[in-house]
Amino acid sequence: MNHQESSLPTTVADMAALGALLETHRPRLLGMLQRRMDPALSARLGPEDILSDAFLQAHRKWNAFKAQTAMTPYAWLYRIVLDCLIEAWRKETRALRDPDREMPWPERSSIQLGLSLVHPGTSPTEAVVREEVRQQVRQALELLGSRDQEILWMRHFDELSFVEAAAVLDITENAATVRYVRALRRLKNLWEKLHHDKGAG
């Protein structure tokens, strides 16, 4: 028996437990995929396709998950689904660079995230149609950097706890908290600068 085969669930109880876990978290995982999949990828693959790949990965890694205590079930599945999404994006775009740092998010979702953080009094539905606001939020997010974007996305769109985000990012809970606070501060500072400069001009 090879190593890969030995890591597979071997009992009916294992398979039932994994299946129940996936069904429990399916709505949140589907929502995460629907928000993150950019149009170029979603034209070829659907969220269910990514989840099917993730199920196979979870199946292979089930025994390893049972042997650890660092990750919650949702954080574990979230990481697997995110890895499958990144891999699918890389295959479709044939990118040779680090996909985890370059995979784009749909523009509308990104702008809504930015608006919810820097201008909560504005209705995203109304504000997104204003090109001036779109440009300011897009510029602020682009200047923010991918690491900061990721932690803000995980906390506000995907609603991961700091413990879960830390496990997914393979950092400590304190480091995740600090990264989030700094990212939020940077985004607000960038927004205020862009908004002020635009108003002054």
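Where a number appears in this text, it was derived from the coordinates with a stated rule and is not lab data. A quick note: this is a predicted structure, and the numbers were derived from the prediction, not measured. Every residue, glycine among them, receives a Cβ derived from its backbone with ideal geometry; neighbour counts consider all protein chains shown.
Overview of values
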| read-out | value |
| --- | --- |
| Residue list for region 143-165, filter: farther than 18 Å from Arg28 by Cα and not in a loop (DSSP other than H, G, I, E, B) | Leu143, Leu144, Ser146, Arg147, Asp148, Gln149 |
| Unique residue being more than 13 Å from the chain's Cα centre (by Cα) and under 20 Å from Met154 (Cβ atoms) when the list is Ala75, Ala40, Ala58, Ala64 | Ala58 |
| Any hit, region 26-45, residues being assigned to a loop (DSSP other than H, G, I, E, B) and within 22 Å of Leu113 (Cα to Cα) | yes |
